[in-house]
Amino acid sequence: MSGLFVYYPNCGTCRKALKWLEENDVQIEKRNIVENSPTRAELEKWHAASGLPIRKLFNTSGKKYRELDLKRTVRSTPDAELLSILATDGMLVKRPIMVTEEGRTLFGFNETEWSSLLKDSENYTG
């Protein structure tokens with residue numbers, strides 16, 4: 001499997017996911033979420049591919065999320081507006097993000113989910 005890995009270098013979960021990817025010989029293109037934040041179009045595409053509710057794409061434990069008091073906003077705002085809010089700052093987006101060549105997308109690191117994705121990948125040889 002190979003794909004795009006969107007991460008924040010100072011995030012412990014991102015470092016754990018990166019280590020897991022390296023241990024499983026997954027070829028990735030790394031992208032720093034602060035230096036190169038996801039665009040609204042990317043977020044829209046990844047959201048659709050993830051199958052998650054839009055609120056699950058927010059980094060709810062992040063400082064920026066709390067500063068903007070988005071907890072109430074996320075509950076009552078249409079998805080299109082929420083995508084625009086997410087696109088304003090990469091630190092609002094749950095990370096890491098893994099986007100496979102096939103377009104499957106995972107937000108956050110869950111080893112079981114990522115292992116399943118790896119096994120389902122066309123390139124998996126294990």
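The values are calculated or read from the model by the stated rules, or taken from the named source; none is laboratory data. Everything numeric in this text was worked out from a predicted model, so none of it was measured. Every residue, glycine as well, gets a Cβ built from its backbone with ideal geometry; the counts of neighbours run over all protein chains shown.
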Could you list all residues from segment 10-60 that are over 12 Å from the mean Cα position of the chain (by Cα) and of a type in the set (Ser, Thr, Tyr)? Thr39, Thr60
Filter segment 17-34 down to the residues that are surrounded by fewer than 13 Cβ atoms within 10 Å (Cβ to Cβ), modelled with pLDDT under 95 and outside any loop (DSSP other than H, G, I, E, B) and list them by number. Glu22, Glu23, Gln27
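Suppose we filter Val93, Val34, Val99 for residues that are in contact (Cβ under 8 Å) with a residue 12 or more places away in the chain, touching a Ser or Thr at 6+ places or on another chain (Cβ under 6 Å) and closer than 19 Å to Lys16 by Cα; which single one remains? Spell out the reasoning first.
Details: Val93 fails: touching a Ser or Thr at 6+ places or on another chain (Cβ under 6 Å); Val34 fails: touching a Ser or Thr at 6+ places or on another chain (Cβ under 6 Å).
Answer to the selection: Val99.
Residue under question is Met91, and the condition is that it be in contact with a Gly (Cβ under 9 Å, 6 or more places away or on another chain) and surrounded by fewer than 19 Cβ atoms within 10 Å (Cβ to Cβ); does it hold? Walk me through how you get there before you give the answer.
Numbers: in contact with a Gly (Cβ under 9 Å, 6 or more places away or on another chain): yes; surrounded by fewer than 19 Cβ atoms within 10 Å (Cβ to Cβ): yes.
Here the answer is yes, as Met91 does meet what is asked.
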In segment 74-98, what count of residues is obtained for those that are farther than 17 Å from Asn10 by Cα and of a type in the set (D, E, K, R)? 3
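Keeping to segment 1-16, report how many residues are closer than 22 Å to Leu86 by Cβ, surrounded by 14 or more Cβ atoms within 10 Å (Cβ to Cβ) and of a type outside the set (Gly, Ala, Ser).
So the first thing to find is which residues in segment 1-16 are closer than 22 Å to Leu86 by Cβ, and the list is 3-14.
From what's left, surrounded by 14 or more Cβ atoms within 10 Å (Cβ to Cβ): 3-8, 11, 13-14.
Cutting the leftovers down to of a type outside the set (Gly, Ala, Ser) gives us 4-8, 11, 13-14.
Residues that pass the stated criteria total 8.
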